[in-house]
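In what follows, a single structure is set out as structure tokens and then discussed.
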Amino acid sequence: MPLNPTVDAVTRRIVERSRAARERYLDRIARARGDGTRRARLACGNLAHGFAACGPADKAALREGRAADIGIVTAYNDMLSAHQPFETYPELIRRAAREAGATAQVAGGVPAMCDGVTQGRAGMELSLFSRDVIALSTGVALSHDMFDAALYLGVCDKIVPGLLIGALAFGHLPGIFVPAGPMPSGLPNKQKAEVRQRYAEGKATRAELLDAEAASYHAPGTCTFYGTANSNQMLMELMGLHLPGASFVNPGTPLRDALTVEAVQRVARLTALGDDYLPLGRIVDEKAVVNGVIGLHVTGGSTNHLLHLVAMARAAGIDLRWDDFDALASAVPLLARVYPNGAADVNHFHAAGGLGFVIAQLLDAGLLHADVHTVFGAGLDAYRIEPVLGADGSVERVPVTATSRDTHVLRPVADPFRADGGLRVLHGNLGQAVIKVSSVPGDRVVIEAPARIFADQDEVKGAFDAGELDRDVVVVVRFQGPQANGMPELHKLTPTLGVLQDRGHRVALVTDGRMSGASGKVPAAIHVTPEAVGGGAIARLRDGDIVRLDAIAGTLEALVDAGEWAAREPATTDLSRYHHGTGRELFAAFRAAVGTADEGAGIFGPVN
């Protein structure tokens, strides 16, 4: 099947605008390759420090310098359910490395905060910045020049993007991303959301809410809704950085362990010491990035990746822009319905055919680049499979079925849930924003209503409790951008706005903050840029202004006389309450250096 013309045109556009930066990046990683093992360059004292704590066999192998040394960069902690399984990975990896004629060492750990714990709390204001801290920590871990390849252990929201940004700074090293898998299904997400909404209305007790939450988030593994964490896993597979079929196998299973062992074996073969050298920086190219964007649209993934994918691409010298997302969304269909875009969870998605089915459908329709590098050593055709455990305990891969096992969850290209990806970029006199409409009712994609202005999500709850929002309203929550307070997710708004919409009101949210992959049925124009703290147009809005959000036309407008609009002074607010406590004072330098949302909201400056 020939490549879809929109996919081809967008890819060519990205290649052309990225040409100079990409060439500089590839030149840097080519010069960093060197000859022989990395540690051969170290002085004797340096090398002795590097293997001092190893056992005799590993010490001998590292001393002789002929075997590959694999660095493990881990996001393990046992507070995050998704990362708790990583506790046992290092020993499994070390053992598998020895069997492959290599060695492995934990090179370093990176922080891994849980957005589920920090939602609505001050700690959420560190969440987005944690991505760049993770990138920096990855750089520190790999700075010892001991390693010939790396395995990156991470799953959740900012962790995988941060690991990849850091890994791309060492793009001369081969690398594989190693997931832990989703927890088994618990209380259905729809039932959990219903309890949350009843609690917001005062119709459920705190004990009832906690029972529902604990029944949903109940075991080791990734949360099972399709938010940023599971969108990360999809991206790593679509971009060729996971082994085929690795994303959604449950933790603590023989197949999960077999996939981890296979990752060790595979990365050992990709080092510069052999004939199959494939550095990570070569895998992450323009085609891989476009495949990732397409996967995001087709599966209804997290809007956080309009930040993260841009930042990851920039780390590889690739200039990805929001208009590229918009163009691709119009060309690809929505094939999956996973909560919050449907009732199913990722375990149901995987059982229905999962990513192997999605990849096969897209390849057959000419909607993915097949001719890409992957850690498996072949093009993306090798990913149209399902992994199973072989009789000998190794991974076997079988071709995916030609039909979905559950068309309520997963459909073919010929019969999609919707003809487009359900994500739009909005432009207008309020700036630029993004909206995810894949789960928004069709009669709610255009909202025109008076604005009610807030500078904090808690103020919205107060107004709701006082009965001030029981009407058609565009709720505007500003001063929530990266420069203001780190651009927190605003999920405390979700039940409140959902109640208003269910009462029959026409409701929308406009914010320079985030809502992430768990945003759902209420239309939300998010990531508004320029943000309010920099004098962006959102700061000119006043209570009662009529705001029109039109996801069909792709516009976001304050319907205010142009002369009056131009004459208005942007509002200001005291942001000091966001800048102290819970470690926030440590991030002043990040708030001062961070870029705009459409440039990835990162601290690392322009494309290389």
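Taking only C-alpha pairs under 8 Å that are 6+ residues apart, what is the relative contact order of segment 445-494 in percent?
RCO, segment 445-494: 42 percent.
How much net charge surrounds Gly162 when only other residues with a Cβ under 13 Å from its Cβ are counted (Lys, Arg +1; Asp, Glu -1)?
0
Mind listing the Cα extents of segment 423-599 along all three principal axes, in Å, largest one first?
So the three principal-axis extents are 44, 37, 31 Å.
Could you work out how far helix 254-269 tilts from the main Cα principal axis of the chain, as a 0 to 90 degree angle to the nearest 10?
60
Fewest first, what order do Asp458, Asp598, Asp381, Asp275 take by the number of other Cβ atoms within 10 Å?
Neighbour counts put them in this order, fewest first: Asp275, Asp458, Asp381, Asp598.
With each run of n ≥ 4 DSSP H residues scored as -39500 (n - 2.57), what mean residue ellipticity at 222 nm is computed for the chain after dividing by its residue count and rounding to the nearest 500 deg cm²/dmol?
Only helices count here, giving -11000 deg cm²/dmol.
By the scheme Lys and Arg +1, Asp and Glu -1, what is the net charge of all other residues having a beta-carbon under 15 Å from that of Gln105?
+2
State, as an integer percentage, the relative contact order of the chain based on alpha-carbon contacts under 8 Å between residues 6 or more apart.
This gives 15 percent for the chain.
With everything on Cα atoms, drop me the angle between helix 189-200 and the longest principal axis of the chain, reported from 0 to 90° to the nearest 10.
Approximately 40 degrees, to the nearest 10.
Return Trp322, Trp565 ranked ascending by Cβ neighbour count within 10 Å, so the fewest neighbours appear first.
Trp565, Trp322
So, counting K/R as plus one and D/E as minus one, what does the shell of residues with Cβ under 14 Å around Val117 add up to?
With Lys, Arg at +1 and Asp, Glu at -1, the neighbours total -3.
Arranged by the count of other C-beta atoms within 10 angstrom, fewest first, what order do Phe147, Phe464, Phe170 take?
Ascending Cβ contact count within 10 Å gives the list Phe464, Phe170, Phe147.
Less than 28 Å apart at the alpha-carbon level, and either on another chain or at least 8 residues along: which lysines does that give for Lys521?
Lys158, Lys190, Lys192, Lys203, Lys436, Lys461, Lys492
Values quoted throughout were computed directly from the atomic coordinates according to the rules given, and no laboratory measurement underlies them. The structure displayed is predicted, hence computed values, not measured ones. Methodologically, a virtual Cβ is constructed for each residue, glycine included, from the backbone with ideal geometry; neighbour enumeration extends over all protein chains shown.
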